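Readers should treat all values here as calculations from the given coordinates under stated rules, not as data from a laboratory. Keep in mind that this is a model prediction, so the values were computed, not measured. A quick note on method: Cβ atoms are made from the backbone with ideal geometry, for glycine too, and the neighbour counts reach across all protein chains shown.
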Amino acid sequence: MNSDKNILWFKDISLSDRLRVGGKGGSLGELTRARIPVPDGFVITTNAFQAFLDLLDAEHGIRGRIAALDATDMPTLNAVTSGMRSLVEQSPLPDSLVAEIRSACSTLGHDIPVAVRSSATSEDSEEASFAGLQDTYLWQKGEAQVLDSVRKCWASLYNPESVAYRLRLGLPEAQLAMAVVVQTMANSRCSGVMFTRSPTTGDRSVITIEGSWGLGSSIVSGEVTPDKFVVNKVTDEICGRDIASKHIAHLPDEHGGIIEMPVAADQQGVTCLSDQDIRELAGIARRVEKHYGIPQDIEWAIDQEGNILLLQSRPETVWAAKDKTPVAKPTEKAFGHIFNVLGGQRK
């Protein structure tokens, strides 16, 4: 692959290209190549971000100022990062990059709504998940909205929560970069997330599916309690279901972006997924987990025609981290931990 490219399409990338397309972009490329249904799109690579940031860094010392921050000093961190976000959002994009983005948007289709999504090089890995720490802009229509959203995604790398998180992890600022995913929007009848191990117990024999009406942003934001279903991986039995009262839905705004709308009273307590939908989602989840070889946290949507589409898949990190935690501290001699327990029982 030409490492100097500013635009790469999903079909041409995989997880091995994370340094160019970020975690989200790499995963979408990987899913596309594995023939998992994914809305088409492209990635504005880290090469474009680096060239843009290098110009700003030379004048404003962005990277050094971030590296010098104290993650526990939130007032200073908030003030510094606020100024950096404004600087990135207000600085013009190079004319050549604008032309490339316009050409790619034209290839996707004129005025087709897209999601513009941050894709940092350090996100969605087994070691760290930056989910929710950088920005996503849904249902963007027209080149002007897309170009504005690209700058906002780059700027979100300097959200205070994101900066504090990577400072705590000790991630080198010089090695961090941001790609941006531009992906055709699914006009979702319903959408949600699913986990190929239980998010509450860590049980790897089940798939947990959560869903609600409209776009999945209502679940991510916490504004809606979703319907929840549990599927046995082996028998395909739906062994748990909890139908919530879903009062609102996030829907497309004809002028771009999303709006919050009330759900009709007779639909609020109705399941958003049929049993067939649930089993089809579970089947796709099994395929994705088999492809990656580890439990996954998956975003999905079902469009108005009933087609299931995956919007993202990332490694599950909560239980994976617990699995790596030793049950007991190592002792100097073999069986020392047993003697320590027996000694405690004799007290």
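At-a-glance table
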{"item": "Proximal charge balance of Ile308 [Cβ under 13 Å; K/R count +1, D/E count -1]", "result": "-2"}
{"item": "Ranked by how many other beta carbons lie within 10 Å on average, peptides 47-59, 218-230 from highest", "result": "218-230, 47-59"}
{"item": "If the convex hull is drawn through the Cα atoms of the range 188-324, its volume per residue in Å³", "result": "113 Å³"}
{"item": "Dipole magnitude of the chain about its Cα centre (Cβ charges: Lys, Arg +1; Asp, Glu -1), debye to nearest 20", "result": "1360 debye"}
{"item": "Size-normalised alpha-carbon gyration radius of the chain, reference 2.2 N^0.38 Å", "result": "1.09"}
{"item": "Among Leu311, Leu97, Leu215: highest mean-square fluctuation, GNM of the chain, C-alpha pairs under 10 Å", "result": "Leu97"}
{"item": "Volume per residue of the C-alpha convex hull in the range 7-184, rounded to whole Å³", "result": "105 Å³"}
{"item": "Total charge dipole magnitude, the range 7-184, about the Cα centre, Cβ charges on Lys, Arg, Asp, Glu only, Debye to nearest 20", "result": "260 debye"}
{"item": "Per-residue [θ]222 nm for the chain (sum of -39500 (n - 2.57) over DSSP H runs n ≥ 4, rounded to 500)", "result": "-11500 deg cm²/dmol"}
{"item": "Across Lys290/Lys322; Lys24/Lys141; Lys141/Lys228; Lys5/Lys152; Lys24/Lys290; Lys246/Lys290, pairs whose alpha-carbon gap is larger than 23 Å", "result": "Lys141/Lys228; Lys246/Lys290"}
